[in-house]
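Structure first, then comments.
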Amino acid sequence: MWSLGKIPHSPRTAKRYAQSPQKPEYTLTQPKPTKLDAYKQQINQWLEEAPYSAVRILEKLQEQGFDGKWKKLYCFLMILGYSRMRYIEFVTDMGTNTLIRCHQNAFRYFGGYPEEILYDNMKQVGIKRLLKQEDSTLNRQFGDFAGFYGCKPILCRPYRGQTKGKVERKV
């Protein structure tokens, strides 16, 4: 008998694997081609020549006909206060639904959820930030989400990075 460890599976998949007489074989698929494939050797050469920034490399690639597009990414980072265990996810939008999905992914990764979570003053969490935490107004959808999990969202004071230093240092 073998163990699944901490790999998340659906209950049906886990049951099928547990009843299987042998461990499943995993095979890697071939990587998908990217627009950068034709330029990778050139990029490596530039990086050996000088410490070019990503912006400068993009400019040089565009001079050679590269037509890649910019896409804005947002970083969701959650760090547990005591253990410093981290979860990071990159997303292309930061709407309330996306923020909630990121939290659920983090909770799944951590195997639970914290009682309190500190937040910047972001409209997806708090609509109105007042001096007293109790007087602040939470985004209704996010408030419902936090209530479902029993988490208490704490809105940090503006321009006070040391309040959330564990996250600020990583970013």
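The values are calculated or read from the model by the stated rules, or taken from the named source; none is laboratory data. Note that this is a predicted model, so its numbers are computed, not measured. Neighbour counts are summed over all protein chains in view; Cβ atoms, including those assigned to glycine, are modelled from backbone coordinates with ideal geometry. What goes into the accessible areas is simple: the full protein's heavy atoms, side chains included, and nothing from ligands, DNA or RNA. Shrake-Rupley method; radii C 1.70, N 1.55, O 1.52, S 1.80 Å.
Structure values in brief
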{"quantity": "Some residue of region 79-98 being part of a helix (DSSP H, G or I) and open to solvent by less than 90 Å² (accessible area, probe 1.4 Å)", "calculated": "yes"}
{"quantity": "Close pairs (8 angstrom Cβ cut-off, 6 or more residues apart or separate chains): of a type in the set (S, T, N, Q) in region 81-102, open to solvent by 80 Å² or more (accessible area, probe 1.4 Å) and in a loop (DSSP other than H, G, I, E, B) anywhere", "calculated": "Thr92/Lys71; Thr92/Lys72; Thr92/Leu73"}
{"quantity": "Filtered residue count, region 1-42, keeping only those that are at pLDDT below 80, in a loop (DSSP other than H, G, I, E, B), surrounded by 10 or more Cβ atoms within 10 Å (Cβ to Cβ) and hydrophobic (A, V, I, L, M, F, W, C)", "calculated": "2"}
{"quantity": "Total residues in region 113-144, condition modelled with pLDDT of 65 or more, more than 21 Å from Tyr74 (Cβ to Cβ) and assigned to a strand (DSSP E or B)", "calculated": "2"}
{"quantity": "Yes/no for Tyr52 being under 20 Å from Cys156 (Cα atoms), aromatic (Phe, Trp, Tyr), modelled with pLDDT under 90 and outside any helix (DSSP H, G or I)", "calculated": "no"}
